[in-house]
Each structure stands twice: as C-alpha cells, then as structure tokens.
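Working notes for the structure below.
The values are calculated or read from the model by the stated rules, or taken from the named source; none is laboratory data. These numbers were taken from a predicted model, which means no experiment stands behind them. Cβ: placed from backbone, ideal geometry, glycine included. Neighbour counts: every protein chain shown. Note: areas computed on protein heavy atoms with side chains; ligands, DNA, RNA excluded. Shrake-Rupley method; radii C 1.70, N 1.55, O 1.52, S 1.80 Å.
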Amino acid sequence: QVQLVESGGGLVQSGGSLRLSCAASGFTLDYHSIGWFRQAPGKEREGISCISTSTGRSDYADSVKGRFTISRDNAENTVYLQMNSLKPEDTAVYYCAVRRGYGLYCSKGDYENAYWGQGTQVTVSS
C-alpha cells in the first residue's frame, strides 16, 4: 500500500523548534521530488520547502529561509523538516507531497497528481 505519513507537529512557544517527518511506505523515495506545504485558516496552501532525492538539491520559501532545513534519510525512506525560530505566523497544517521526477519541484501545481499525506498540525504560541 502506498502511503505517506506526516508526524512531529504540536504546540510550541514562539522561538522554539519542531522537526516534522514524512515517512513513505509502499514505494521508495528514490528518483522523486518531495515538497513540504502548509495551509493556515483562510489562506491558500503554500509551498515552503522541497528536495530532489535524485540530485540532493533543495529550496525554501523566503518566509522560512534560514529557519527551516529539509533533509532526507534514504535508509529510513523519510524526509524531515527541521523548523527553528518558529513564529506564530508559522501556525498551520503541514503536508508533505511526493511526485516522480529527477528535477526539483517546489510549487503546489507541481504536485497536482502526486501522493499527499494527511497533514500534521503545528501551532506556535506567542
């Protein structure tokens, strides 16, 4: 069974840290692109980070650059998002998405026909 499961969300104080995990089962993440997205109430889903398992390249949205780090553990078939210096505006449901491809895909439209997880809630209090 093909499945993506996000975990690691929770409640954290402003300035704190969380590490999100996106674990894949039923397929290997090799030769895929993985994106992290988030959606807050009243806002569109936005891409925040992405990584290519083929090249190791990654990218970040300006709003999280310097604070978030995306990484991949191929042995665990898992992609992580380390989130530091969290702000209340980071509060959202965070999703991972996976698509085939050797390139780096970072936009929501790039994952229109992709596998998506169910999301994990991140709440940052002030």
Worksheet item: Here are some conditions: (1) under 14 Å from the mean Cα position of the chain (by Cα); (2) assigned to a loop (DSSP other than H, G, I, E, B); (3) without any contact (Cβ under 8 Å) to a residue 60 or more places away in the chain. THR55 meets all but one. Which one does it not meet?
Response: (1)
Worksheet item: Of all residues in the range 6-20, how many are under 13 Å from VAL79 (Cα atoms), of a type outside the set (A, V, I, L, M) and buried (at least 18 other Cβ atoms within 10 Å of the Cβ)?
Response: 1
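Which of the residues belonging to the range 45-73 are small (Gly, Ala, Ser), open to solvent by 30 Å² or more (accessible area, probe 1.4 Å) and under 18 Å from ASN84 (Cβ atoms)?
Going residue by residue through the range 45-73, those that are small (Gly, Ala, Ser) are 47, 49, 52, 54, 56, 58, 61, 63, 66, 71.
Filter once more, keeping what is open to solvent by 30 Å² or more (accessible area, probe 1.4 Å): 54, 56, 58, 63, 66, 71.
Within the range 45-73, SER58, SER63, GLY66, SER71 qualify.
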Discussion item. List the residue pairs whose Cβ atoms are under 7 Å apart, where the first residue sits in the range 1-16 and is within 17 Å of SER85 (Cβ to Cβ) and assigned to a loop (DSSP other than H, G, I, E, B), the second is open to solvent by 30 Å² or more (accessible area, probe 1.4 Å) and at pLDDT below 95, and the two are 6 or more positions apart or on different chains.
Written reply: SER14/SER126
Worksheet, complete the sentence: For the range 22-42, the count of residues that are part of a loop (DSSP other than H, G, I, E, B) and either free of Cβ contacts under 8 Å to residues at least 40 places away in the same chain or surrounded by 15 or more Cβ atoms within 10 Å (Cβ to Cβ) (or both) equals 5
Worksheet item: Has the range 84-95 got any residue that is under 19 Å from SER58 (Cβ atoms), at pLDDT 95 or above and in a loop (DSSP other than H, G, I, E, B)?
Response: yes
